[in-house]
Amino acid sequence: MQKNLKINGERLWQSLMAMAEIGKTPKGGVCRLALTELDREARDLFVRWCEAAGCSVTVDAVGSIFARRAGSDDSLPPVMTGSHLDTQPTGGKYDGAYGVMAGLEVIRTLNDLGIKTKAPIEAVVWTNEEGSRFAPAMTASGVFAGKFTLEQALAIKDADGVSMGAALEAIGYKGKAPAGGRAVGAFFEAHIEQGPILEAEAKTIGVVTGAQGQRWYDAVVTGQDSHAGTTPMPRRRDAMAGAARMIACLEKIAQAHAPHAVATVGMLRVHPNSRNVVPGRVAFSIDMRHPEEKALLAIDAEMQRRFAAIASEQRLELGLERIANTEVVNFNPECVGAVRNAAERLGYKHRDIVSGAGHDACYLSRVAPTGMIFVPCEGGLSHNEIENATAGDLAAGCEVLLHAMLERAGIEA
Ligand SMILES: [Zn+2]
């Protein structure tokens, strides 16, 4: 491969900044929840750009967008890249959008250089990666990879009771192409690290070898609503007091499995949510992760045992529903190697790294040889409006992506 194949870093930056205008927040972030009007605008812009770059665009039944640049042998399975355009409510400009814009920039660069690849190239937008409006996360890549059925995905409802199917129809992105069930030559995803390691070690490229396993639960603790002034302490069935003990206990369990375990309670709903009523019901979310399956199992089992004990001590009922279970992921050694070789060839400082977050690439790895590229982000901060990355690092990641994709797709001589 020629060392001098360069992407246009300035154009990549301009595309990212234009995309960040859609749903921009006063603090410099982006709020573009999945399948909202703003998501539609972002999708429309991506489709316009891809069509202008000569791609044929298809949308599948779960709303994922595939922009295809033909190969010299168009019967070969495509080499794909992509990420997501939806964000968290207080999201940043780079999470997801970077991977999508990097895919577009690869296609534009191939056009500029007049390179014909053997296998076709596809840039993809996966629907509802964040899982903020519709849980679980990474829905569309999960359907593509056979983790969820199409029917399961379309039936997922948001907090207002709107189903994903209805939301897709509403924004005009319920496509006709079947979701998944076709061969993929390789999949690469470029993404900001969303953690502090690359920045701390002054490395430009993270060669992602896999991702940690992840479990999500919905917990509901039920006691009894009663008067805050007249119910003596021993007679109370205070769901909040029980939930508080459980949350503190979960934090201790994660700390006992340091340094790799993480556990988070990020959502809490209190019923009836009144100052002078003992809460009769508290619902909260649980997110736990670890890079080794065995440790994750142990943390999960310990949580279930301790929570059940707290519930019984406080005369509460506990409902624990597992709503997502993402196994530990190991990416394809050849794709990981392609990323590492590219970083090496281009002279970027790099290191191997395990992803702390879930990504669409994790599901894709079930059906395609997969690799990921990380670039640093300021202070390791993500899912935050002040999320930041440098134009130089973003361009470097895109260049590595180009080289890794070309290694897999082959160049027509
Ligand atoms: Zn992301």
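Within the range 58-75, being touching a helix residue (DSSP H, G or I) at 6+ places or on another chain (Cβ under 8 Å) and closer than 19 Å to residue 409 by Cα holds for 67, 69, 71. The numbered conditions (1) of a type in the set (A, V, I, L, M, F, W, C); (2) in a loop (DSSP other than H, G, I, E, B); (3) buried (at least 22 other Cβ atoms within 10 Å of the Cβ) are all true for residue 159 except (3).
Residue-by-condition table, conditions (1) over 23 Å from the mean Cα position of the chain (by Cα); (2) of a type in the set (A, V, I, L, M, F, W, C); (3) crowded, with 24+ Cβ neighbours inside 10 Å; (4) under 30 Å from residue 334 (Cβ atoms):
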position: 8; (1), (2), (3), (4): yes, no, no, yes
position: 16; (1), (2), (3), (4): no, yes, no, yes
position: 26; (1), (2), (3), (4): yes, no, no, no
position: 31; (1), (2), (3), (4): no, yes, no, no
position: 58; (1), (2), (3), (4): no, no, no, yes
position: 73; (1), (2), (3), (4): yes, no, no, yes
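Residue 145 meets the stated requirement of being surrounded by fewer than 24 Cβ atoms within 10 Å (Cβ to Cβ) and away from the ligand (no atom under 16 Å from the Cβ). When every residue of the range 97-113 is checked against the conditions, none turns out to be part of a loop (DSSP other than H, G, I, E, B) and either of a type in the set (D, E, K, R) or free of Cβ contacts under 8 Å to residues at least 24 places away in the same chain (or both). Determine whether residue 81 is among the polar types (S, T, N, Q) and more than 18 Å from residue 12 (Cα to Cα). Taking the combined requirement at face value, the residue does not satisfy it.
Taken as a whole, the structure places residue 119 among residues that are in contact (Cβ under 8 Å) with a residue 60 or more places away in the chain, among the hydrophobic types (A, V, I, L, M, F, W, C) and in a loop (DSSP other than H, G, I, E, B).
So that you can scan it fast, the table gives a plain yes or no per residue for (1) within 16 Å of the ligand (Cβ to nearest atom); (2) touching a helix residue (DSSP H, G or I) at 6+ places or on another chain (Cβ under 6 Å); (3) not in a loop (DSSP other than H, G, I, E, B):
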{"residue": "348", "(1), (2), (3)": "no, yes, no"}
{"residue": "366", "(1), (2), (3)": "no, no, no"}
{"residue": "373", "(1), (2), (3)": "yes, yes, yes"}
{"residue": "384", "(1), (2), (3)": "yes, no, no"}
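Looking across the range 184-209, the residues that are aliphatic (A, V, I, L, M) and touching a Leu at 6+ places or on another chain (Cβ under 9 Å) come down to 184, 190, 192, 205. Scanning the range 5-48 for residues that are touching a residue at least 12 places away in the same chain (Cβ under 8 Å), out of contact with any helix residue (DSSP H, G or I) (no Cβ under 9 Å at 6 or more places or on another chain), farther than 20 Å from residue 102 by Cβ and not charged (D, E, K, R) yields 25, 38. Residues 48, 32, 40: which one is charged (D, E, K, R), outside any helix (DSSP H, G or I) and within 26 Å of residue 139 (Cβ to Cβ)? Every option except 32 fails the conditions.
Among residues of the range 74-107 being within 20 Å of residue 142 (Cα to Cα) and β-branched (Val, Ile, Thr), the one that is farthest from the ligand (Cβ to nearest atom) is 79.
Since every read-out is calculated from the coordinates, none of them should be taken as a lab result. All figures in this text were calculated on a predicted structure; none of them were measured in a lab. Note that we place each Cβ from the backbone using ideal geometry, even for glycine, and neighbour counts take in every protein chain shown.
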